[in-house]
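Notes to accompany the following structure.
Since every read-out is calculated from the coordinates, none of them should be taken as a lab result. Predicted model only: the values in this text are computed from it and were never measured. Methodologically, a virtual Cβ is constructed for each residue, glycine included, from the backbone with ideal geometry; neighbour enumeration extends over all protein chains shown.
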Amino acid sequence: MRPLAGRGRLALLLIGLFFVATAAMTAGWPLLATASAGTGNRSAMAAAASSLLAPPSSPITCRKLTARPVIDGQSNDWAGITGIYMDAGTAQYLGGTVSSPTDNSATLRCLWDTENLYLLVDVTDDMLIADSSTIWDDDSVEIALDGKRDRSCCDVDDAQVTIAVDRRIASFGSVDVGLPVMAAVALRAGGYTVEASIPFTMFLPTAPVSGTLIGFSWGLNDDDDGGRRDAHMLWAGSTILNYPQFGDIVLAGLPAPAATPTQPTSPLTATPSTTATAQPSPTSTTTPTVPPTATPGAAATATWTPAATATPGPADRLGNLETGIGRLGDTVREMWTIMQQAGYLPGDVPPPATPTPTPTATPPVAGYRQRVNCGGPAYSDSAGQTWAADQPYAGGSWGYVGGLASTTTNAIGGTTDAPLYQSERYNMLSYRFDVPPGRYAVELRFAEIYQYAGPGLRVFDVQLEGSTVITGLDLYTLVGPYVAYTRTFEVPVVDGQLNIDFVARRGAAKVSAIQVTGLAAVGPTPTPSLEQRVGDVENAMTELEKLFQRILATFDRFLSQ
């Protein structure tokens with residue numbers, strides 16, 4: 001965050017106060033502090049507000065990192081990190097109505113290193129909505145930081161970040177695509193997870209060290225029916241900008257070694273459920289119990305003998321090579337993007353796809369056709385063809401897995417069927433089509449319709465039956481906003497289900513429409529031997545290494561200039 005001088009700071013303060021007052025009044029909630037008209041006594045107002053809610057007495061402990069987490073919206077890097085749970089009963093402030101923890105609640109976890117503050121917020125929410133131009137009116141997580149702990153708002157040592165369920169990021173209520181915050185949002189049944197990395201340079205005037213205290217609050221916005229938010233919860237304070245009422249986080253040292261847990265007297269069996277847990281109390285990951293070591297004595301001492309290492313077979317070699325191809329492919333694409341941004345590669349050429357083994361030919365199937373208007377209603381196109389309304393996947397049919405729908409009324413270039421591109425499903429995992437085994441043509445239609453889109457802000461891959469067919473698609477850079485873009489592929493299906501997977505690299509993956517067409521009759525599929533598969537993967541690895549070396553050579557020339 002750049003320092004704001006004079007009028008800039010005043011403007012930011014006024015924007016923040018306008019945001020607070022407007023959000024409270026339009027939602028029908030009374031402001032917790034008022035003043036008589038014409039008094040102009042700002043300090044009296046602040047004192048009155050502060051007297052209503054006391055800051056939390058205990059700070060949130062934020063442990064120093066042993067390994068930097070991957071910002072992907074997943075909690076696998078956070079095992080054993082204790083969280084702070086908040087629902088309508090534990091929040092210091094609640095505006096609106098939350099019917100139960102399933103309606104809205106969350107657990108926040110915190111880590112840090114010398115550069116960044118890391119936060120993971122697991123949100124339970126039974127209805128996910130993102131349809132408003134004001135980010136706080138949609139399902140979202142709010143974070144506020146007071147670097148100096150001076151309990152005053154909107155100066156150079158203050159940061160306020162809102163991250164919505166659709167991955168929008170805002171600073172002090174205004175969406176800011178240039179904010180140096182890395183964030184990922186992962187949707188799941190019954191809620192979503194926000195993972196974020198916030199640079200200390202945004203709010204901390206000195207280098208972070210163990211023992212540093214930082215003013216802090218966090219909150220949840222909940223929208224259950226579209227339009228304005230239905231509830232607002234805060235861990236500390238009566239608004240997310242009421243800095244005098246903030247609590248603290250304390251930067252602590254490395255976690256202490258975990259003690260070996262006691263062997264339980266009876267097994268604990270988890271009951272599977274498709275419904276989000278009512279109150280997900282934060283728990284640390286249990287380490288499997290290790291049998292105790294006997295105390296040496298007169299009796300013979302047991303000797304540990306290492307197990308013999310098995311020689312890797314073809315299956316192990318195949319797995320190792322496939323993993324290596326994936327990792328090297330990620331590196332190639334990352335370096336390609338860096339060189340594009342530096343002007344050493346064409347900006348409109350997508351990164352090279354990872355070479356994959358050539359699939360064994362599969363005879364096709366005829367007669368199947370399914371058209372889907374993703375995120376939208378049924379539609380009859382200019383050729384008289386019917387596109388079905390979007391639907392969730394159900395066995396024996398077709399549909400999406402996860403994600404949200406969005407629409408626009410803006411004109412779409414490059415097509416006579418704009419309605420197919422004016423709706424979208426985004427942030428989904430996949431589309432599934434239960435079909436007879438055979439070969440299919442898959443047509444994918446896209447258009448960038450997000451009003452805050454920009455170059456490099458939405459980048460994703462598309463996979464058909466596990467094979468990547470589109471790598472690093474950036475619609476805004478490739479064709480621009482509100483322009484139709486279509487790709488068609490042929491793919492064999494051998495297991496009775498066509499899977500179209502979307503892998504987000506930055507922002508949220510999306511699709512506007514899908515058409516699946518069977519091509520011919522079905523027949524038996526020859527299965528390649530394991531050695532043949534290993535040979536195919538080895539060849540693909542060789543080609544990828546050659547490409548990587550060529551890019552490295554170009555990158556070396558760039559660094560030497």
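How high is the relative contact order of the range 369-432, in percent, with contacts defined as C-alpha pairs under 8 Å that are six or more residues apart?
This gives 35 percent for the range 369-432.
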Tell me, what is the percent relative contact order of the range 135-191, built from C-alpha pairs under 8 Å that lie six or more residues apart?
30
Expressed in angstrom and rounded, the centroid-to-centroid distance over alpha carbons for the range 223-248 and the range 386-457 is 34
Net charge within 14 Å of V511 by Cβ-Cβ distance, Lys/Arg positive one each and Asp/Glu negative one each, not counting V511 itself?
+1
Which net charge results for the neighbourhood of F246, defined as the other residues with beta-carbon distances under 13 angstrom from its beta-carbon, given Lys and Arg at +1 and Asp and Glu at -1?
-3
For the range 356-531, the dipole about the Cα centre with charges only on Cβ (Lys and Arg +1, Asp and Glu -1), to the nearest 20 debye, works out at 220
The local net charge around R149, scoring Lys/Arg +1 and Asp/Glu -1 for residues other than R149 whose Cβ lies under 13 Å from its Cβ, equals -4
Could you give the C-alpha radius of gyration of the range 356-531 expressed as a fraction of 2.2 N^0.38 Å, taking N as the number of residues it contains?
1.04
The range 208-250, dipole about Cα centre (Lys/Arg Cβ +1, Asp/Glu Cβ -1), debye to the nearest 20:
240
Taking the Cα-to-Cβ direction at T409 and at F489 and moving 7 Å from each Cα, how far apart do the two end points lie in nm?
3.6
Can you grab the distance from the C-alpha centre of the range 132-206 to the C-alpha centre of the range 465-480, Å, no decimals?
28
